[in-house]
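Inspection log for the structure reproduced underneath, given as structure tokens.
The values are calculated or read from the model by the stated rules, or taken from the named source; none is laboratory data. Please read all numbers here as calculations on a predicted model, not as lab measurements. Neighbour counts run over all protein chains shown; Cβ positions are idealised from the backbone, glycine included.
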Amino acid sequence: MATRSVKDLKFRGKRVLVRVDFNVPLAGNEIMDDRRLAAALPTIQHILKGGGLPVLMSHLGRPAGNGPEAAFSLQPVAVRLQAMLGEQHKVHFVDGACEGAAAEAAIAGAGAGDVVLLDNLRFHAGEKKNDQALSAAIASLADVYVDDAFGTAHRDHASMVGVPDAMRDRPRVAGLLLDREIHFLARVLDDPQRPFIAILGGAKVSDKLAAIRNLLPKVDVILVGGAMAYTFMAARGDSVGDSLVEEGMMDMARELMSLAEGASTELLLPTDHRCAESIGVDVPVRTCEIGIPTGWMGLDIGPETLADWTRRILDAKTVVWNGPVGVFEQPPFDEGTVGLAHALAKSTRKHRAVTIVGGGETAAAVERAGVSSEISHISTGGGASLRMLEGAELPALGSLEAV
Ligand code: AMP
């Protein structure tokens, strides 16, 4: 998969619609975390430098979809964006509308170096329904379409699909953020340096099934951790005590293990576990090897598994990771996940491995380990990155121009 990007275009004198992800956490009018705004700046500045007028559009939260609601206005975003861009770039906020006369007037009134910010797309019911009339109205505002919102790229909403489809006669390209996601989650995974390892964790086999199936023939080793591992272990006849098991997925787990064998991919389960009788602070914790006793639950990979998986990660040239390998929210069951985060960081630092982390929980764990800056790529989209690991075509990407 390869799409054209903003790097391939000239912007002088062009009105450029940019789908950004400004869905920031708010407490009243206050933005609690502005990293999504900061992440969009390179694309905005790239367009400004090229002499274009960025017309930014995003959703924010979950308004009802029948008109403007003060609690979901992008006004606080406009204020913060203005502060980030500085006085030389005026932000024109289109209060309460993402199309129509107010948007047209703001665009017509914007001078060189200015930015226009449309209000919450989801004030219209048509956004989530990929409505044609809304798409056409937004599309009429600009000469170029840019998608830089990876977090919503797996949804077929108007701003991601209908608008670019209505602009088939104009350039439709990926922004710098989206281009980076496509680079790591499509190009690198399709043509990886080997050895190539995938680590999959988290609560449920059912959530990761399609990703495992897609990755099995591509990777050399697949490390399965988290609660998911216990369904695989139960399926091959190990005693797993009271660990979380998806009974309905045992046949599927067996099928995946035999698929791995057929593909000559090593599918590895933990060989030891950190176990407790319940999840809580100060509960007694013990390390169990194969055979977790009744009454005990496996809540993290054990030290022997962590050491073995770390060795493998340090030998790898490409590592992709989605899902924590333990109940990382509750120390000491974060040790396996934090340990793997350090292993990925070291592998990148010392051996120039390409390391890719996807999923909100895994990204949070890597951040907690303090090694975010040492990972090659941390995906900004949980759902969308899992869809890419599944090998699915994301609707939004299909609407951009292929190279
Ligand atoms: P997911 O959203 O599927 O990536 O799952 C993440 C959740 O899986 C986290 O909240 C973890 O606490 C949970 N998890 C990971 N390992 C285990 C385990 N061994 N037992 C129970 N829950 C787990």
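The table for this structure:
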{"quantity": "The range 200-214 residues that are within 18 Å of ILE356 (Cα to Cα) and more than 11 Å from the ligand (Cβ to nearest atom), paired with ones that are β-branched (Val, Ile, Thr) and not in a helix (DSSP H, G or I) (beta carbon under 7 Å, 6 or more apart)", "calculated": "ILE212/ILE222"}
{"quantity": "Test: VAL91 is out of contact with any Asp or Glu (no Cβ under 7 Å at 6 or more places or on another chain) and within 22 Å of ASP34 (Cα to Cα)", "calculated": "yes"}
{"quantity": "Residue check, PRO63 buried (at least 19 other Cβ atoms within 10 Å of the Cβ), at pLDDT 95 or above and more than 29 Å from ALA112 (Cβ to Cβ)", "calculated": "yes"}
{"quantity": "In the range 330-342, the residues that are among the acidic types (Asp, Glu) and within 10 Å of the ligand (Cβ to nearest atom)", "calculated": "ASP334"}
{"quantity": "Cβ pairs under 9 Å, 6+ apart, first in the range 66-79 and under 11 Å from ASN29 (Cβ atoms), second assigned to a helix (DSSP H, G or I)", "calculated": "SER73/PHE123; VAL77/LEU37"}
{"quantity": "Subset of the range 343-370 (residues that are crowded, with 20+ Cβ neighbours inside 10 Å, away from the ligand (no atom under 16 Å from the Cβ) and not in a helix (DSSP H, G or I))", "calculated": "ALA353, VAL354, THR355"}
{"quantity": "Any hit, the range 317-329, residues being assigned to a loop (DSSP other than H, G, I, E, B), more than 15 Å from the ligand (Cβ to nearest atom), aliphatic (A, V, I, L, M) and touching a residue at least 12 places away in the same chain (Cβ under 8 Å)", "calculated": "no"}
{"quantity": "Any hit, the range 25-40, residues being part of a loop (DSSP other than H, G, I, E, B) and small (Gly, Ala, Ser)", "calculated": "yes"}
{"quantity": "Residue in the range 216-237 that is more than 13 Å from the ligand (Cβ to nearest atom), acidic (Asp, Glu), within 23 Å of ILE197 (Cβ to Cβ) and touching a Pro at 6+ places or on another chain (Cβ under 9 Å) present", "calculated": "yes"}
{"quantity": "In the range 226-240, the residues that are touching a residue at least 12 places away in the same chain (Cβ under 8 Å) and either touching a helix residue (DSSP H, G or I) at 6+ places or on another chain (Cβ under 7 Å) or surrounded by fewer than 19 Cβ atoms within 10 Å (Cβ to Cβ) (or both)", "calculated": "MET228, THR231, PHE232, ALA234, ALA235, ARG236, ASP238, SER239, VAL240"}
{"quantity": "Flag for GLY111 being outside any helix (DSSP H, G or I), out of contact with any His (no Cβ under 6 Å at 6 or more places or on another chain) and without any contact (Cβ under 8 Å) to a residue 40 or more places away in the chain", "calculated": "yes"}
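Rundown of residues vs (1) more than 17 Å from ASP179 (Cα to Cα); (2) of a type outside the set (D, E, K, R); (3) outside any helix (DSSP H, G or I); (4) more than 20 Å from the chain's Cα centre (by Cα), yes/no style:
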{"position": "LYS7", "(1), (2), (3), (4)": "no, no, no, yes"}
{"position": "ARG12", "(1), (2), (3), (4)": "yes, no, yes, yes"}
{"position": "ASP21", "(1), (2), (3), (4)": "no, no, yes, no"}
{"position": "PRO42", "(1), (2), (3), (4)": "no, yes, no, no"}
